[in-house]
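The values are calculated or read from the model by the stated rules, or taken from the named source; none is laboratory data. This one's a predicted model, so the numbers in the text were calculated from it and none came from an experiment. We place every Cβ from the backbone using ideal geometry, glycine too, and count neighbours over all the protein chains shown. Surface areas here come from the heavy atoms of the whole protein model, side chains and all, with no ligands, DNA or RNA. Shrake-Rupley method; radii C 1.70, N 1.55, O 1.52, S 1.80 Å.
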Amino acid sequence: MSTKLTPHFTLEELTTTKTGIENLPNVSQTNALRILCRDILEPLRTHLGDSPIIIHSGFRCPAVNKAVLGVPTSQHLLGQAADISSPCYTADELYKIIDKFVVEGDFNIGQCILYQNSHFVHVSLPSRIHENDFMVLNK
C-alpha cells in the first residue's frame with residue numbers, strides 16, 4: 001500500500017533507495033516531504049503539462065546519505081530536497097524550465113542544481129541559507 005503525500009507523489013517513491021539501507025523518515029521529515037511535493041513538485045508537474053516527474057532521491061537517512069556520498073548538510077536529510085527528472089525533458093531543459101518558472105514568480109525554491117553529465121536536477125525547499133539559488137556543478 002502506498003502513502004499519498006499529494007495527488008501525484010507517494011512517501012514510498014520519496015524514500016526508496018538502491019542502497020539496501022532502511023530509510024524511514026520521522027514525522028517531521030515526512031511533513032517536510034509533503035510540503036516539498038505540495039509547494040514544488042506538484043506545481044512543477046502542472047507547469048510541465050502534467051509530464052511525469054521521476055524521483056531519483058528524496059529523503060535520505062544519515063546512513064543512506066553517507067552511502068551515496070551526500071554532503072552532511074544536505075536538505076535530503078530533512079526531507080526538504082529531491083533529485084528529479086522527467087521523461088519528456090533533458091536535465092538541462094528541466095533546469096531552464098525551473099529557472100523560468102521561478103523568475104516568473106510562480107514559486108520559490110531553495111536550490112536548483114544541475115549536475116552536468118547527469119540525468120537529474122536537484123530541487124529543495126527554501127531555507128535560511130538558500131532561496132532561489134541556481135547552480136550548475138561538474139559532478
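Reported to two decimal places, what Rg/Rh ratio describes the chain when computed on Cα atoms with Rh from the Kirkwood expression? Here Rg/Rh amounts to 0.93.
Taking the longest Cα principal axis of the chain as reference, the axis of helix 91-103 is set at about 70 degrees.
Surface calculation, 1.4 Å probe, protein heavy atoms: Val68 sits at approximately 70 Å² accessible. For the chain, the number of Lys pairs with C-alpha atoms closer than 23 Å, counting only pairs eight or more positions apart or on separate chains, is 5. A Förster distance of 30 Å, applied to the separation of the beta-carbon atoms of Phe107 and Lys18, puts the FRET efficiency at 0.55. Amide H contacts of His56: Asp83, Ile84, Ser85, each under 5 Å away and 5 or more positions distant or on a separate chain (H built 1.01 Å from N in the peptide plane; Pro and chain starts excluded).
Placing R0 at 30 angstrom, the Cβ-Cβ distance between Thr6 and Gln116 gives a FRET efficiency of 0.50 after rounding to 0.05. In the range 95-125, which chymotrypsin sites (Phe, Trp or Tyr not before Pro) are in a loop and have at most 16 other Cβ atoms within 10 Å, using DSSP for the loop call? Sparse-neighbourhood loop chymotrypsin sites (Phe, Trp or Tyr not before Pro): Phe107. Summing +1 for each Lys or Arg and -1 for each Asp or Glu among the other residues whose beta-carbon sits under 14 angstrom from that of Val103 gives -3. The HN-Hα couplings worked out from phi for the range 54-59 by the Karplus form 6.51 cos²θ - 1.76 cosθ + 1.60 (θ = phi - 60°) are 9, 8, 8, 7, x, 4 Hz, whole numbers, x standing for Gly and Pro.
Based on DSSP H segments of at least four residues, each scored -39500 (n - 2.57), the chain has a per-residue ellipticity at 222 nm of -7500 deg cm²/dmol. Extension gain, Glu131 to Val71: 0.36 nm times the residue separation minus the Cα-Cα distance gives 19.8 nm. Taking a quarter of the surface of the Cα convex hull of the range 1-78 gives a mean projected area of 5.3 nm².
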